[in-house]
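Shown next, in structure tokens, is the structure this report addresses.
The values are calculated or read from the model by the stated rules, or taken from the named source; none is laboratory data. Since the model is a prediction, treat every value here as computed from it, not as a measurement. As a convention, Cβ positions derive from the backbone with ideal geometry for all residues, glycine included, and neighbour counts pool all protein chains shown.
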Amino acid sequence: MSKTFKETSKTGAVLWFFQRVTAVILFIILVYHFVYYHFISQGVYPWRTVVAKMQSPWFNLLQFTFLITALYHGLNGVWMVAEDYIHCKAWRLAFFSVILMVGAALLFVGTLTIIKISSLKI
């Protein structure tokens, strides 16, 4: 059960730092979303207005930024917890591979969704 520093990740401080950076970015994006769409907006938007906003490159950039930061933040958090509790190197490698595959699949589906929504015709 004892784990020496040589067995742990050498990039732990960097991953911890980026975990905090992505948390701040996610917080800023969510505050912007809630303030702009729930407090400043004038009631319920019609469908055409919502789709027209989704055509903006800035909206798509914001969505893609949110996707990347949310995926990194969530999957890195799961990895940090798993690294603390999985002590066998083979199991850790297998779990890391699963995390990478899930992340790649979610990135693909999320990017495809952003592209499909931005190409809707109004």
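Within region 34-45, the residues that satisfy the criterion of being assigned to a helix (DSSP H, G or I), at pLDDT below 80 and either under 18 Å from THR65 (Cβ atoms) or of a type in the set (Ser, Thr, Tyr) (or both) are TYR36, TYR37.
Regarding THR49, is this residue surrounded by 11 or more Cβ atoms within 10 Å (Cβ to Cβ), at pLDDT 85 or above and of a type in the set (Val, Ile, Thr)? So THR49 does not fit the description; no.
Yes/no matrix, rows are residues, columns are (1) in contact (Cβ under 8 Å) with a residue 40 or more places away in the chain; (2) over 29 Å from GLY12 (Cα atoms); (3) more than 22 Å from the chain's Cα centre (by Cα):
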position	(1), (2), (3)
THR49	no, yes, yes
MET80	yes, no, no
ASP84	no, no, no
ALA105	no, no, no
VAL109	no, no, no
ILE114	yes, yes, no
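Considering only residues that are loosely packed, with under 11 Cβ neighbours inside 10 Å, modelled with pLDDT under 90 and either assigned to a helix (DSSP H, G or I) or at positive phi (or both), which ones fall in region 2-33? Within region 2-33, PHE5, LYS6, GLU7, ALA13, VAL14 meet the criteria. Listed by first and then second residue, the pairs linking a residue in region 89-101 that is in contact (Cβ under 8 Å) with a residue 12 or more places away in the chain to a residue that is in a helix (DSSP H, G or I), with Cβ atoms under 6 Å apart and 6 or more places separating them unless they lie on different chains, are PHE95/ALA82; ILE99/LEU75; ILE99/TRP79. Only residues that are under 22 Å from VAL102 (Cα atoms) and either not hydrophobic (A, V, I, L, M, F, W, C) or not in a helix (DSSP H, G or I) (or both) were counted in region 46-76, giving 7. If you take the residues of region 52-74 that are farther than 30 Å from ARG20 by Cβ and touching a Ser or Thr at 6+ places or on another chain (Cβ under 9 Å), which of them is surrounded by the fewest Cβ atoms within 10 Å (Cβ to Cβ)? Among those residues, the one meeting the criterion is GLN55.
Scanning region 79-110 for residues that are at pLDDT below 95 and β-branched (Val, Ile, Thr), which turns out surrounded by the most Cβ atoms within 10 Å (Cβ to Cβ)? Result: ILE86. Note on region 67-78: residues that are among the aromatic types (Phe, Trp, Tyr) and free of Cβ contacts under 8 Å to residues at least 24 places away in the same chain amount to 0.
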